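Written out below as structure tokens is the structure these notes cover.
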Amino acid sequence: MRAVTTRDPRLRPYRATMWVVYFAAVLLGVGLFTFSVARSLRAPSRPARAEGALPTRAALRVCLADLELLAQEQGQRAWALGHELEAPDPLAAWNVWARGWERRVDDLADRCRLDERSGEDAAARGELAAARDALLALHRVYAAQVNRFAQEQGDLLQAVAEALAHAREEVSKSR
């Protein structure tokens, strides 16, 4: 058996200082981690909603056309994702597009005042809001599927992109 050595009492202030530094570093790391997570979970701040006259029936027709274009763009983007195999990070490209698309939907909702339940065209705005909500629900499902696919099959996606790049390189070699 080994004898337990006693600690030198002259080093006690240094040990205490090291414990304080250690706990301060741990607390700082936990604090930075918590701050980072909270900041990333917090939604970006939206500008204050403009007060004024409600959109006219003609403006609501434009809003409907814009909403239909956003729906069409989402459908095209979801189907076009498969053609972006060779991009460096197709998931990141999807996420960048998705955030921009969601911002445009929010801007449309603010511009058309879709959440305003009073006024002459309240029923039309309510129907547009319901269409927007359905479109956003579909978007959330698309995003979940894209993220799930990237997590579960991302290595296969990368393998296909690399194989195509190697095949293209080999075929394009001159003899």
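Things to note:
- For the stretch 1-42, the solvent-accessible area with a 1.4 angstrom probe is 108 square angstrom per residue.
- Annotation: Thr17 carries an accessible surface of approximately 80 Å², with a 1.4 Å probe and no ligand, DNA or RNA atoms counted.
- Carbon/sulfur fraction of accessible area - the chain, other protein chains in place, 1.4 Å, %: 62
- In the chain, helices alone account for a calculated mean residue ellipticity at 222 nm of -26500 deg cm²/dmol, with every DSSP H run of four or more residues adding -39,500 (n - 2.57).
- Between Ala161 and Ala122, the contour length at 0.36 nm per residue exceeds the Cα-Cα span by 9.0 nm.
- Nearest-ten-degree value, helix 90-112 long axis tilted from longest Cα axis of the chain: 50
- Structure-derived Cα Rg over 2.2 N^0.38 Å - corresponding label in [x] 1.78; [y] 1.10; [z] 1.23: [x]
- A straight chain from Glu169 to Ala3 at 0.36 nm per residue would run longer than the Cα-Cα distance by 52.9 nm.
- Rounded to the nearest 20 debye, dipole of the chain from Cβ charges on Lys, Arg, Asp, Glu: 1180
The values are calculated or read from the model by the stated rules, or taken from the named source; none is laboratory data. The shown structure was predicted, so the numbers you read here are calculated from the model rather than taken from an experiment. So basically every Cβ, Gly included, is an ideal-geometry build from the backbone, and we count neighbours across all protein chains shown. We work out accessible area using only protein heavy atoms, side chains counted, and drop any ligands, DNA or RNA first. Shrake-Rupley method; radii C 1.70, N 1.55, O 1.52, S 1.80 Å.
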